[in-house]
């Protein structure tokens, strides 16, 4: 499964279903119908994409959106959620995490305030990590290891860390998201 086929599955799951649970069921069924090598490749593509948004700047974006409640697990699930947004949004966010300010789901979250979010609103998709495991007949981790691959199981952000709450850093790095979530004027 190449990257185009990966994105086709992820985006079709959004078009065919109405929520994350249904998307996961759809993806698991679609993957289970594919050759085992494609299921392995799906896990590899997800890991490759996740690594592209495993930076301190992306974590800072998650931290702003989650009002400071973005732990390492939260950031890891946020990365998967970014993939779930689809290729176009994902690619815009890879190069500029501040582009999340243009994403309708993020604008909705900001307008509601975190206390009014429902579980379906939350910008995380933990279970996307398990869809290939569930669809694979066998030990996926063992197959990946036999290929010399070890997928991420927690964030390992690239770059230097800074104080996410510092308004100067917010303005310098994520000014539109900071303003959207009321962290800077």
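Every number in this text was worked out from the coordinates using simple rules, so none of it is lab data. Nothing here was measured: the structure is a model prediction, and the numbers come from that model. Cβ sites come from the backbone with ideal geometry, for glycine too, and all protein chains shown count toward neighbours.
What to note about this one:
- Likely footprinting exposure, 39, 103, fewest C-beta neighbours within 10 Å first: 103, 39
- Expected 222 nm ellipticity per residue - DSSP helices of 4 or more, -39500 (n - 2.57), all of the chain, to 500: -17500 deg cm²/dmol
- Of 138, 148, 68, the residue with the greatest mean-square motion in the GNM of the chain, using alpha carbon springs below 10 Å, is 148.
- Mean projection of the Cα convex hull over all viewing directions, computed for the chain: 10.3 nm².
- Highest-first arrangement of 108-117, 45-54, where packing means the average Cβ count within 10 Å: 45-54, 108-117
- Debye intensity ratio I(q)/I(0), log10, the stretch 24-66, q values 0.28, 0.31 Å⁻¹ (C-alpha model): -0.90, -0.99
- Förster-model FRET efficiency, 35 Å R0, residue 87 and residue 185, C-beta, rounded to 0.05: 0.55
- For the chain, the longest principal axis of the alpha carbon atoms and the long axis of helix 20-32 meet at an angle near 30°.
- Point-to-point label distance, residue 18-residue 114, nm (Cα→Cβ direction, 7 Å offset): 2.9 nm
- Label-to-label distance, residue 149 versus residue 33, with points set 7 angstrom from Cα along the beta-carbon direction: 2.2 nm.
- Were the residues from residue 96 through residue 169 laid out at 0.36 nm apart, the gain over their Cα-Cα distance would be 24.8 nm.
- Full-stretch length increase - residue 162, residue 133 - with 0.36 nm per residue and alpha-carbon distance subtracted: 6.9 nm
- Contour minus Cα-Cα distance for residue 5 and residue 141 (0.36 nm per residue): 46.8 nm
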